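One structure below.
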Amino acid sequence: MIATLFLWLASALAADLHLVVDSPRLVVGQSVNLNLQLVGATASGVPDVPASSGLKLAFAGQSQQMVSVNFKTTRTVTYSYSLTALQEGRFTVGPVRMQVGGQELVADAVTIEVSGRAAPMRADLDVVGTLSDPAPYVGEVVTWVMRFRSKAEVAGLSWNPPDFDGFLQEKSVEVGQTSSTVESDGAAWQLQEVTVPLIASGVGAHTISPALITVSVPDAGRPRRDRMGFGFQPTRQERLTTAAVEVNIRPLPTTGRPADYSGLVGSFKLQARANPGPVKVGDSISVDVVLSGDGSLSGAKLPAAPADASYRVYDDAPQIQSRLGPDGFVSTAIFKRAIVPSAEGRLTIPPIALSVFDPEAGAYVTLESEPIALDVAPGDGGGALTSYAGGGDQRAEVASTGSDILPASAEAAIGDDRPQSALPGALALAALPALALVGQSLQSLRGRRAADPARRLRERLAALPAEPSARLAALEDLTREAAALRLGRPAPGLDAEAIAPLGEAAARLYTDLLAARYGGGQIDDLERRVRAFVEETR
Amino acid sequence: MIALLLGAALAASPAEAYAEGIAADRAGELPAAEGHFRAALEAGGVDADVYLGLGNVLYRQGQRPAAITAYVRGLWLDPSHPDLRANLDHSLSQTADRIEPPAPDPGPFFWAGVGSPRLQVWAAGLLAGLGLLRVGVRRHRGQRALDGAGLVPFFASLLLAVGVGAMSAGRPPVVVGLTEVSVRSAPTPGSVEVFVLHAGAVVAVEEEAGGQTLVVLPDGRKGWLMNSALMSADPGAPFPAVEAGG
């Protein structure tokens with residue numbers, strides 16, 4: 001218990017809290033990182049960092065780092081914020097107080113000096129930020145335009161966008177950037193414009209903070225460097241800011257709001273056109289419904305067909321295209337609507353009515369397309385669709401069956417799926433032909449061994465009869481057959497003359513054998529000579 | 001429960017135990033179904049479908065880490081099983097840690113990861129057998145036994161066998177079974193906590209020592225944690241017992 005208390009005290013004593021800002025001197029519109037570092041402890045939640053009214057803080061994330069030095073590990077939790085200077089003056093961030101393990105940690109306040117809008121050091125640079133409508137209705141699309149003019153040649157232009165408080169950026173189109181040259185005061189100015197489409201989202205007063213522009217301009221006050229024959233014009237960084245823009249976002253009026261209000265805000269046009277051509281009952285005809293205007297069309301839907309319509313309607317997801325033109329933001333949605341007539345004769349598709357809020361008129365308006373008339377011929381079946389069950393889209397969402405996992409199959413063949421379990425069978429599969437091959441080889445070997453006449457002669461030589469006359473007869477037969485084998489001739493037809501080509505020794509052996517057998521000649525070394533003759537036979 | 005498990009264990013064959021598990025599952029008797037699927041495994045039915053059935057039963061009983069373990073084991077046996085993959089992905093989407101589970105790594109033998117390793121072993125044996133059969137036929141006809149074309153089935157068989165061998169040599173991952181577990185810098189008491197894993201996280205194993213396992217996250221972070229906090233995804237190992245609701 002005491003040890004635990006000691007450890008707790010030690011950890012609490014080691015804990016520390018710091019506020020660290022990248023730069024304490026800012027210009028209006030500039031944003032820098034501000035980090036709150038909690039060393040040697042952890043805490044839940046995001047700490048509240050107080051800041052003066054001329055600054056704006058936005059939490060950007062949290063990270064954690066473990067550092068081990070001399071077997072002692074220290075954990076540092078860093079809470080990151082984006083600090084933006086909104087107005088000129090001297091401001092403070094903090095102090096920050098956190099309760100960690102029953103102890104209050106305090107991070108000292110930091111002072112931020114914000115200088116006024118950075119007036120260009122040169123009269124040939126200028127930047128302006130404007131909003132197309134400083135009092136938009138909520139949901140209305142407006143554009144914030146930054147115009148940067150320079151008479152001098154500039155390079156490395158970069159900009160920090162302002163904080164569009166109260167607005168969401170319209171994502172259907174990229175931020176527009178253009179470059180051009182304009183004449184003003186008898187001089188040519190390079191003009192660069194950045195256009196950001198925004199959707200007003202928060203009713204009430206808001207401030208769009210200044211944007212900060214950084215460019216490199218030639219520094220005429222410093223001499224050109226002239227080394228190695230090259231002349232480089234020294235440059236200097238200029239930082240300029242736009243003015244903050246005060247905005248009042250108005251709510252949509254509640255009076256006069258139609259029950260079928262679509263939620264769209266903008267000045268729109270609605271057109272419907274059917275692809276010409278004959279149509280039969282049951283066939284589909286495509287109708288293109290085009291909705292275009294200066295408002296956001298994200299999530300736009302067409303109203304459903306009347307319930308008593310004598311046709312069915314199937315809508316595809318609309319194709320939405322947006323662009324930033326000279327007049328600002330323009331968006332177009334093309335709805336592909338398939339219409340399937342269910343009765344022959346004259347079919348008039350009534351106008352499509354869409355209720356929107358028009359900011360220019362300050363009122364709700366109902367857009368209507370032109371009606372479409374069709375002559376419907378009988379279908380291939382000769383008449384009206386018998387399966388027709390009313391208008392509108394009859395389809396429903398895919399219903400959940402209540403089980404979110406795929407079931408196991410009752411028909412699965414169960415075995416042992418481990419690869420080693422298949423090894424015996426696979427080896428057997430390979431071994432069967434291998435065994436057959438071995439058998440085939442053995443059989444072939446046996447066949448060769450059985451057909452080898454020289455081998456048979458040697459086997460007979462090893463089993464000669466003991467009785468002298470029979471032994472002598474066997475020796476003669478063996479000699480004759482060995483000679484026949486060597487000569488490649490049948491043995492019965494051989495005589496001394498026929499054996500002569502085998503050499504003098506063979507001929508004398510044969511003569512001596514005949515003499516011994518029929519004339520009582522000596523047989524002492526005959527058996528040895530016959531054995532040698534047979535052994536040499538292949 | 002003991003009677004159920006005992007009864008399931010007395011099932012005659014893995015196929016029968018599996019069929020009984022499916023029937024019990026469809027009847028909503030989840031503990032009985034779990035017992036039958038476990039019995040199928042113990043009877044030698046180390047099969048991807050058995051692990052699918054067991055994982056589903058565990059999932060429906062709320063035992064998500066054990067269900068994930070079963071799915072990972074099944075996929076280790078058959079990486080191309082689509083239902084196992086779908087159920088594993090769905091189960092992992094409910095876990096706290098966004099970690100991609102490690103898959104069997106065939107290394108350069110990429111084809112080994114396509115189908116069931118067991119089928120590939122059979123295919124290797126069949127190819128070798130066909131190659132030998134061809135040799136025999138050519139010898140019988142008095143032709144040269146082994147020509148260039150005759151080497152193809154042996155080569156293919158060898159590639160399949162080596163690929164399966166490379167797959168099988170990989171160490172199966174582990175699944176965190178506890179709600180939250182600290183992963184430490186060393187398997188010693190003085191080590192520091194480097195990160196925290198939560199139930200159902202599937203992580204690769206690099207080393208085991210002294211009752212602790214060194215695990216590796218996909219981003220390269222490593223740390224040690226107690227074996228008792230983990231469930232092995234080795235499909236051949238006995239399936240760990242789990243407590244209800246765990």
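Readers should treat all values here as calculations from the given coordinates under stated rules, not as data from a laboratory. Here the structure is a predicted model, which means the values were calculated and not measured. Note that each Cβ is placed from the backbone with ideal geometry, even for glycine, and that neighbours are counted across all protein chains shown.
Here are a few things to note about the model shown:
- Number of Lys pairs (Cα under 29 Å; 8 or more positions apart or on different chains) in chain A: 9
- For A:T241, the residues whose amide H sits under 5 Å from its own are A:A118, A:I213, ignoring neighbours fewer than 5 places away on the same chain, with H placed 1.01 Å from N.
- Residue-wise HN-Hα couplings along region A:36-50, as the Karplus relation 6.51 cos²θ - 1.76 cosθ + 1.60 with θ = phi - 60° gives them from phi, are 9, 9, 9, 9, x, 7, 10, 8, 9, x, 9, x, 8, 10, x Hz; Gly and Pro carry x.
- Per-residue mean of foreign Cβ neighbours for B:81-89 is 2 (Cβ atoms of other chains, 10 Å radius).
- Options A:P318, A:A436, A:P350, ranked by Cα towards positive dipole end of chain A, top entry (Cβ charges): A:A436
- Cα-projected label distance for A:E504 with A:Q103, points at 7 Å along beta-carbon direction, nm: 12.4 nm
- For B:D25, neighbours were defined as the other residues whose beta-carbon sits under 12 Å from its Cβ, and their charges (Lys and Arg +1, Asp and Glu -1) total -1.
- Extents of region A:299-385, largest first, come to 54, 25, 20 Å (Cα atoms, principal axes, whole angstrom).
- Relative contact order computed over region A:303-364 (Cα-Cα under 8 Å; 6+ residues apart), in percent: 31 percent
- Residues whose amide H lies under 5 Å from that of A:S355, counting only those 5 or more places away or on a different chain, are A:S262, A:L367; hydrogens are built 1.01 Å from N in the peptide plane.
- For the protein assembly as shown, calculated [θ]222 nm from helices alone, where every DSSP H run of n ≥ 4 adds -39500 (n - 2.57): -9000 deg cm²/dmol
- Residues A:L354, A:L191, sorted so that the one with the fewest Cβ neighbours within 10 Å comes first: A:L191, A:L354
- Shape of region B:68-137, Cα gyration tensor, a/c cut at 1.5: prolate
- Taking the three principal axes of the alpha carbon atoms in the protein assembly as shown, the coordinate ranges are 150, 93, 87 Å, sorted in descending order.
- Descending semi-axes in Å of region A:244-362, equivalent ellipsoid built from Cα gyration tensor: 33, 17, 10
- In chain B, a dipole from Cβ-located charges (positive for Lys and Arg, negative for Asp and Glu) runs towards its positive end, and of B:V194, B:L92, B:Y18 it is B:Y18 whose Cα lies farthest in that direction.
- For region B:24-174, the Cβ-based charge dipole about the Cα centre amounts to some 800 debye (Lys, Arg positive; Asp, Glu negative; other atoms uncharged).
- Highest mobility in the GNM of chain B, judged by mean-square fluctuation with C-alpha springs under 10 Å and restricted to B:G125, B:G170, B:G211, is found for B:G211.
- Arranged from fewest to most other beta-carbon atoms within 10 Å of their beta carbon, B:F239, A:F329, B:F109 become B:F109, B:F239, A:F329.
- The mean number of partner chain beta-carbon atoms within 10 angstrom of a residue's beta-carbon across peptide A:432-443 is 4.
- When every Cα-Cα distance of chain B is counted in 5 angstrom steps from zero, the calculated P(r) takes the values 1, 7, 12, 14, 15, 13, 11, 9, 6, 4, 3, 2, 1, 1, 0, 0 percent.
- In the calculated pair-distance distribution of region B:155-246, the portion above 15 angstrom amounts to 64 percent of the Cα-Cα pairs.
- Antiparallel bridges, percent of DSSP beta bridges restricted to the protein assembly as shown (to nearest 5): 95 percent
- Backbone phi angles across region A:129-138, fed through the Karplus curve with coefficients 6.51, -1.76 and 1.60 (θ = phi - 60°), yield HN-Hα couplings of x, 10, 10, 5, 8, x, 10, x, 7, 5 Hz in residue order; Gly and Pro are listed as x.
- Counted by Cβ distance under 11 Å from A:S201, the other residues give a net charge of -3, where Lys and Arg count +1 and Asp and Glu count -1.
- Contact order normalised by residue count of region A:166-324, Cα under 8 Å, 6+ apart, percent: 19 percent
- Cα long-axis angle, helix A:419-450 against chain A (0 to 90 degrees, to the nearest 10): 20 degrees
- Between 0 and 90°, nearest 10: helix B:14-26 axis offset from chain B longest Cα axis: 40 degrees
- Equivalent-ellipsoid semi-axes for region A:266-324 (Cα gyration tensor, √(5λ), whole Å, largest first): 26, 14, 10.
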